[in-house]
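Chemist: Structure incoming, see below.
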Amino acid sequence: MAYLFKILNVFLVAMVKYFYAPWFGFTLGLDFWETMPGVVLGGIASFFFFYFITELFLVYVRHLKPVVVYVTPNRTRLRYRDWREKRHERRKKKKVFTRRNKFFVRMRQTYGMWGIVVLTPVVLSIPVGAFLLRKYYGHRREAIPAMLVALALEGLLTGAVFWVFFKD
């Protein structure tokens, strides 16, 4: 039973921190072939969760926000509009791209969908990669299979690297 809990722990860590999940599995005393199913399946489960949650979020923003605005009392809408205008004036002077924003824009323009797919498991996080993939490339049929293959390959690759360097 403790063995299954170790694999479940690796699965849950892979859902949150995919890059560190192989190392965590090895510190629990699992070998390569015991660790990899938890890592790969955890990453895939996390990707699917955030990919489809993103769709719900995008539907909310597109369709439900006007309904919420219509139902909101007039006084609350006026207060929110005043706050938004003040915020807009303050932000207009401060609008500067950060290094991180420039990185995301440059990555999307240069590498497109394949850059997001390759960089998601290791450089980006799975939630950010799933959101970007769904928002910009959700209409492409090869987006989900490409991400699943990238998660599996990069999980096996990072697991192999940890296994070679940290093996007893």
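The values are calculated or read from the model by the stated rules, or taken from the named source; none is laboratory data. Note that the structure is a prediction, hence the values are computed from the model and not measured. With ideal geometry, Cβ positions are generated from the backbone for all residues, glycine too; neighbour counts draw on all protein chains shown.
Chemist: What's the total number of residues in segment 21-42 that are of a type in the set (Phe, Trp, Tyr) and either exposed (fewer than 15 other Cβ atoms within 10 Å of the Cβ) or in contact with a His (Cβ under 9 Å, 6 or more places away or on another chain) (or both)? Spell out how you get there, then give the answer.
Modeler: As a first pass, look at segment 21-42 and keep what is of a type in the set (Phe, Trp, Tyr): 23-24, 26, 32-33.
Next, from what is left, pick out any that are either exposed (fewer than 15 other Cβ atoms within 10 Å of the Cβ) or in contact with a His (Cβ under 9 Å, 6 or more places away or on another chain) (or both): 33.
Looking only at that region, the number is 1.
Chemist: Could you identify the single residue in Lys17, Lys6 that is within 21 Å of Leu148 (Cβ to Cβ) and among the basic types (Lys, Arg)? Please lay out each step first, then the result.
Modeler: Working: Lys6 fails: within 21 Å of Leu148 (Cβ to Cβ).
Exactly one of Lys17, Lys6 is within 21 Å of Leu148 (Cβ to Cβ) and among the basic types (Lys, Arg), namely Lys17.
Chemist: Identify all residues within segment 106-121 that are among the β-branched types (Val, Ile, Thr) and modelled with pLDDT of 80 or more; write none if there are none. Give the derivation first.
Modeler: Restricting attention to segment 106-121, the residues satisfying the condition of being among the β-branched types (Val, Ile, Thr) are 110, 116-118, 120.
Hits for segment 106-121 are Thr110, Ile116, Val117, Val118.
Chemist: Name the single residue, out of those in segment 108-144 being surrounded by fewer than 17 Cβ atoms within 10 Å (Cβ to Cβ), free of Cβ contacts under 8 Å to residues at least 60 places away in the same chain and in a helix (DSSP H, G or I), that is nearest to the chain's Cα centre (by Cα).
Modeler: Step by step, filter segment 108-144, then rank; the result is Val128.
Chemist: Would you say Gly129 is at pLDDT below 80, out of contact with any strand residue (DSSP E or B) (no Cβ under 8 Å at 6 or more places or on another chain) and either at negative phi or not acidic (Asp, Glu) (or both)?
Modeler: Numbers: at pLDDT below 80: no; out of contact with any strand residue (DSSP E or B) (no Cβ under 8 Å at 6 or more places or on another chain): yes; either at negative phi or not acidic (Asp, Glu) (or both): yes.
When the stated conditions are applied, Gly129 does not pass them.
Chemist: Among the residues of segment 75-99, write down those that are modelled with pLDDT under 80 and in a helix (DSSP H, G or I).
Modeler: Arg77, Arg90, Arg91, Lys92, Lys93, Lys94
Chemist: I've got another one for you. Would you tally the residues in segment 5-45 being in a helix (DSSP H, G or I), charged (D, E, K, R) and under 13 Å from Ser125 (Cβ atoms)?
Modeler: Start the filter on segment 5-45 by keeping residues that are in a helix (DSSP H, G or I), which leaves 5-16, 21-27, 32-45.
If we keep only those that are charged (D, E, K, R) as well, we get 6, 34.
Among the residues that remain, those that are also under 13 Å from Ser125 (Cβ atoms) are: none.
Summing the residues that are in a helix (DSSP H, G or I), charged (D, E, K, R) and under 13 Å from Ser125 (Cβ atoms) in segment 5-45 gives 0.
Chemist: For segment 145-164, which residues satisfy the criterion of being within 16 Å of the chain's Cα centre (by Cα), crowded, with 17+ Cβ neighbours inside 10 Å and over 11 Å from Gly43 (Cβ atoms)?
Modeler: Answer for segment 145-164, where residues must be within 16 Å of the chain's Cα centre (by Cα), crowded, with 17+ Cβ neighbours inside 10 Å and over 11 Å from Gly43 (Cβ atoms): just Ala146.
Chemist: Here's another thing I want to ask about it. Filtering segment 136-160 down to residues that are in contact with a helix residue (DSSP H, G or I) (Cβ under 8 Å, 6 or more places away or on another chain) and of a type in the set (Val, Ile, Thr), which residue is nearest to Ala21 (Cα to Cα)?
Modeler: Among those residues, the one meeting the criterion is Thr158.
Chemist: Follow-up. Quickly run through segment 4-23 and pick out the residues that are within 18 Å of Phe166 (Cα to Cα) and among the aliphatic types (A, V, I, L, M). Reasoning before the result, please.
Modeler: Applying the first criterion (within 18 Å of Phe166 (Cα to Cα)) to segment 4-23 yields 10, 18-23.
Val10, Ala21 - these are the residues of segment 4-23 that are within 18 Å of Phe166 (Cα to Cα) and among the aliphatic types (A, V, I, L, M).
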